[in-house]
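S.K.: What follows is a structure written as structure tokens; I'll ask about it next.
The values are calculated or read from the model by the stated rules, or taken from the named source; none is laboratory data. Just so you know, these numbers come straight off a predicted model, no measurement behind them. Methodologically, a virtual Cβ is constructed for each residue, glycine included, from the backbone with ideal geometry; neighbour enumeration extends over all protein chains shown. Side chains included, ligands, DNA and RNA excluded: accessible areas come from the protein's heavy atoms. Shrake-Rupley method; radii C 1.70, N 1.55, O 1.52, S 1.80 Å.
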Amino acid sequence: MNIAIIGATGNVGRKTIEILEKSSLSVDNLFLVASKNSAGQKLIFKNKKIDVIDLEKFDFSSAEITFFAAGSEIAKKWIPEASKKTIVIDNSSYFRMEKNIP
């Protein structure tokens, strides 16, 4: 399974990586995605170094499931597009507020 984590370098993103490492899910490819300021950093997943990808350049169709761990403003901007190409799991509160549900 191909999985992406948006906001991978933040606290919630790193915790999501940790939970995935401990899970029994078979992860074929893990895409770690963050802002352009974090792009190029390397994070460890199952003893493998993975380069962080710039969110502006990420192709959401690369992942079957995408975790958003980056806050409401990122969710507001990117989830409508991402949800056309991948299953989205959002950790922000943006879509929990009734006024934001289309």
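S.K.: Charges at C-beta only: +1 for Lys and Arg, -1 for Asp and Glu. How large is the resulting dipole of the chain about its Cα centre, in Debye rounded to 20? List each step's numbers first, then the result.
M.R.: Values: 15 positive and 12 negative charges, 39 e Å.
Approximately 180 debye in magnitude.
S.K.: What accessible area per residue, rounded to a whole number of Å², is obtained for the chain using a probe radius of 1.4 Å?
M.R.: I get 61 Å² per residue for this part.
S.K.: Report for the chain the percent antiparallel among DSSP-assigned beta bridges with both residues inside it, nearest 5. Numbers along the way, then the final one.
M.R.: Numbers: 4 of 20 bridges.
Among the beta bridges of the chain, antiparallel pairing accounts for roughly 20 percent.
S.K.: If one takes the longest principal axis of the Cα atoms in the chain, at what angle in degrees, from 0 to 90 and to the nearest 10, does the Cα axis of helix 72-82 lie?
M.R.: So the helix axis and the longest Cα principal axis differ by about 80 degrees.
S.K.: Could you check how many percent of all C-alpha pairs in the stretch 1-48 are farther apart than 17 Å?
M.R.: Summing the P(r) tail past 17 Å for the stretch 1-48 gives 25 percent.
S.K.: Any chance you could give the angle, 0 to 90 degrees and rounded to 10, that helix 11-22 forms with the longest Cα principal axis of the chain?
M.R.: With both axes taken from Cα atoms, the answer is about 50 degrees.
S.K.: With every protein chain present, what accessible area does Leu20 have (1.4 Å probe, heavy atoms only), rounded to the nearest 10 Å²?
M.R.: 10
S.K.: Whenever you get a sec, compute what percent of the accessible area on the chain sits on carbon and sulfur atoms (1.4 Å probe). Can you show the working numbers first?
M.R.: On the way: 3170 of 6240 Å².
That fraction is 51 percent.
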